[in-house]
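A.B. asks: Quick one: the structure is below, questions incoming.
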Amino acid sequence: MKAHLWANFAPTLENSVSTNEQPDRSVHQYKPVHKPFHQPIRAFLIVVASLVFLQSLILTLARAEPPVPVAAGGPYDRVYNPANIPNGSDAAAGPNRWWQAYGGPTHNASYPAARNAPLWLVKGVTWGFSEARAWPLTQTHPFNTATLGERSAQPIQTQSIGNALGVSMADGVVYAESDDMFVYAINAKTGNLIWRTSPIANNLMGNPLIVGDKVFVSAGSVAFNFANVENFARNPDSAIRGDAINYNGVFALDRLTGSLLWYFPTRGETMTTPAYDAGLLFVATGAGNVHALRSENGSKVWTAHLGGIANMASPAAADGVLYVAMSVKPYLYALDEKTGKVLWCGEIPGAVNTGMGDVAPAVDDDVVAMDAVSDPRVEHGIKTVDTTIRGFDAKSGAVLWTAQMGRGLLPPAFKGGMPMIHDGVLYLGSPVNSIYQARSLHTGKLLWQWKAPDADPAGAGRSPGSYYDGTLYIATGPDVYAIDPKSGKMTGRKHVGGRFGLINPVIVGGTVYLANSWDRINALPLSEITPVH
């Protein structure tokens, strides 16, 4: 789907909130025939017309927005500005779908401009968009630092009001989920809002998926209540994160307008980003479940109960296999996409805490890459951990290699680094010691190591990099870095402000799109990442 999705948009649609934006369906009217021998035909036509009308009514009701607790015209109601929809060649900018976390199973979110791309896409654009709870980028400290302390205040701001993951981009539109409880659709060229909606009162911590005429978002927070803690203490294997705390689940939205199409509720949190493949949506939850849903209507195809907790470990789909990681019972699973059958499971030795349930596996060239904090020790009265990386054979689950990234303090909140794969090389950071490494995907051999400068007290290195046109781009702390992918030397740096949590730079043509823990989205030309010598 390229420009035609936006080109077919009817400009007469309303400019405000609506509970049902489906067009009316007409029913053919038949002129009565009064000759007696035509009476059976007339009766037959009336029956047919009635059936057509009934079918139309059923379809209209089925496509109406499901009822959700949102006051019409209130602060959480949907805002819709169709005048900001891209058109012409602008509506064909970038990829035409966003089907998994970080853009796909390799987590490399970079897309070159097509030959006939508009000039703005090639050269890059500059804009800033303030979301509902935007914090000034000039503020070097997060909100409430004086009470919480810097080390805790940073992840709390990400988890409570900012963007936990990066943006998604398709067909000239940037989409973002925020922990301010809103989903945003923004014109990628101008930075102007197309629509904003808050389908439910919960944090939205993932990447919006864009497939066909729908946007899929997931809702779930980091919260445990006291009952969750008691259940965990009694039986960690059966604990459910987010149970009876909030409205968890997956929402399908109309891509053009942001109106709600369907909702699939879950008991445990759904902080993870779903994965899409072949008409199915795969969702991992804080109850240790994986659900396969029909993307068209949200109906369930199968559920696999794996146990454990999926925190930020978004599933990856590749070649008919779904790869899912869980914590508490720290395993990496490979499931058959059609049936949910477990094909194999693997582990990382000594994985602790939220460990494997925090990290989304990356998949490429028959290798699955995974990492987790591991091997806790108390050294000189200080608790330290390591970060262990493993490469698994994607088909059999056999361990190909294991490596360590070095010791440091146990990070607060999200504790792993999101892996990214490009051209046989695994790029990975660790907030334990704020380093990034490049390793051979197939052997684990260390190619280089780079330490993020000026790391904050919560640690740097959580976000995956993006490889584009011979350069590796990394967003961590308040800055974006350009790294030589062969040597690991820093070649450029751009100060943006705020803080980047699990944010990957989304690169489309000459622009990098960045979401921020300060509840902001920025577009910058790649040319502004200043060279360093």
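Values quoted throughout were computed directly from the atomic coordinates according to the rules given, and no laboratory measurement underlies them. As the structure is a prediction and not an experimental result, all values here were calculated from the model. Neighbour counts are summed over all protein chains in view; Cβ atoms, including those assigned to glycine, are modelled from backbone coordinates with ideal geometry.
A.B. asks: Which of the three applies to the stretch 398-480, rounded, prolate or oblate, going by the alpha-carbon gyration tensor with a ≥ b ≥ c and a/c under 1.5 meaning rounded?
C.D. replies: On the way: a/c = 2.09, a/b = 1.25, b/c = 1.68.
Oblate.
A.B. asks: Then there is this: Give, in nm to one decimal, the length gained when the segment between residue 380 and residue 527 is fully stretched (0.36 nm per residue of separation minus the Cα-Cα distance). Intermediate values should be presented prior to the final figure.
C.D. replies: Details: separation 147, 0.36 × 147 = 52.92 nm, distance 4.63 nm.
Result for the pair: 48.3 nm of gain on full extension.
A.B. asks: Now for a separate question. Kindly provide the helix-only [θ] at 222 nm of the chain, computed as the sum of -39,500 (n - 2.57) over DSSP H runs of four or more divided by all residues, to the nearest 500 deg cm²/dmol?
C.D. replies: -3500 deg cm²/dmol
A.B. asks: List the lysines whose Cα sits under 16 Å from the Cα of residue 494, skipping any in the same chain fewer than 8 residues away.
C.D. replies: Straight-distance partners of residue 494: none at all.
A.B. asks: In the stretch 291-347, what trypsin sites (Lys or Arg not before Pro) fall in a loop by DSSP, with at most 16 other Cβ atoms inside 10 Å?
C.D. replies: Numbers: sites: 294, 300, 338, 341; in loops: 338, 341.
Taking the stretch 291-347 and a limit of 16 other Cβ atoms within 10 Å, the loop trypsin sites (Lys or Arg not before Pro) found are 338, 341.
A.B. asks: Which loop-located chymotrypsin sites (Phe, Trp or Tyr not before Pro) does the stretch 85-184 contain, where loop means any DSSP state but H, G, I, E or B and the Cβ has at most 14 other Cβ atoms within 10 Å?
C.D. replies: Details: sites: 98, 99, 102, 120, 127, 129, 143, 175, 182, 184; in loops: 99, 143, 182.
Hits after loop and neighbour filter: nothing returned.
A.B. asks: Something else now. So if R0 is 41 Å, what FRET efficiency would residue 343 and residue 72 give, r being the distance between their Cβ atoms, rounded to the nearest 0.05? Present the calculation step by step, with values, prior to reporting the outcome.
C.D. replies: On the way: r = 48 Å, r/R0 = 1.17.
Step by step, r from the Cβ atoms, then E = 0.30.
A.B. asks: If amide hydrogens are placed 1.01 Å from N in the peptide plane, which non-local residues have theirs closer than 5 Å to the one on residue 249?
C.D. replies: Long-range HN contacts for residue 249: 219, 266, 270.
A.B. asks: Give the long-range amide H neighbours of residue 362: residues separated by 5 or more places, or on another chain, with amide H under 5 Å away, using H modelled in the peptide plane at 1.01 Å from N.
C.D. replies: Amide H to amide H, under 5 Å and 5 or more residues apart or across chains, residue 362 pairs with 369.
A.B. asks: Using modelled backbone amide H atoms (1.01 Å from N, in-plane), which distant-in-sequence or interchain residues come within less than 5 Å of residue 410's amide H?
C.D. replies: Amide H neighbours of residue 410: 385.
A.B. asks: Taking each full run of DSSP H in the chain as one helix, which ones are at least 18 Å long along their axis (Cα atoms) and have mean Kyte-Doolittle hydropathy of at least -1.0? Could you put the intermediate results ahead of the total?
C.D. replies: Values: long enough: 39-63 (36 Å, 1.60).
TM-like helix candidates: 39-63.
A.B. asks: Another one. Tabulate in residue order the Karplus-calculated ³J(HN,Hα) for the stretch 87-104, using 6.51 cos²θ - 1.76 cosθ + 1.60 with θ = phi - 60°, rounded to whole Hz; enter x for Gly and Pro.
C.D. replies: Result, rounded to whole Hz: 9, x, 5, 4, 7, 10, 6, x, x, 9, 7, 9, 10, 8, 4, 6, x, x.
A.B. asks: Determine which residues of the stretch 198-239 fall in the zone a paramagnetic label at residue 148 would reach in this model, i.e. backbone nitrogen under 18 Å from the point 7 Å along Cα→Cβ.
C.D. replies: Counting backbone N atoms under 18 Å from the label point, the list is 202-206, 220-225.
A.B. asks: Describe numerically, in nm with one decimal, the distance between label points set 7 Å from Cα along Cα→Cβ at residue 87 and at residue 449.
C.D. replies: 5.6
A.B. asks: What full-extension length gain, to one decimal in nm, is calculated for residue 303 and residue 132 as 0.36 nm per residue of separation minus the Cα-Cα distance? Numbers along the way, then the final one.
C.D. replies: Numbers: separation 171, 0.36 × 171 = 61.56 nm, distance 3.52 nm.
Full extension from residue 303 to residue 132 adds 58.0 nm.
A.B. asks: How far apart, in nanometres, would the label points at residue 139 and residue 201 be if each is projected 7 angstrom from Cα along the Cα-to-Cβ direction?
C.D. replies: Placing both labels 7 Å beyond Cα along the Cβ direction yields 2.3 nm.
A.B. asks: At residue 231 and residue 487, where each label point lies 7 Å from the Cα along Cα→Cβ, what is the point-to-point distance in nanometres?
C.D. replies: 5.4
A.B. asks: Which shape class applies to the chain: rounded if a/c is under 1.5, otherwise prolate when a/b exceeds b/c and oblate if not, where a ≥ b ≥ c are the square roots of the Cα gyration tensor eigenvalues?
C.D. replies: Values: a/c = 1.88, a/b = 1.54, b/c = 1.22.
Judged from the Cα gyration tensor, the chain comes out prolate (a/c at least 1.5, a/b above b/c).
A.B. asks: Cross-link list 415/451; 329/383; 383/489: which exceed 24 angstrom alpha carbon to alpha carbon? Each step should come with its number before you reach the end.
C.D. replies: Values: 415/451 17 Å; 329/383 22 Å; 383/489 31 Å.
Beyond 24 Å: 383/489.
A.B. asks: Could you state the number of Å between the C-alpha centres of the stretch 294-330 and the stretch 411-460?
C.D. replies: 25
A.B. asks: What is the stretch 440-516 by shape, rounded, prolate or oblate, if you read a ≥ b ≥ c off the alpha carbon gyration tensor as root eigenvalues and call it rounded for a/c under 1.5, prolate for a/b larger than b/c, and oblate otherwise?
C.D. replies: On the way: a/c = 1.73, a/b = 1.24, b/c = 1.39.
Verdict is oblate for the stretch 440-516.
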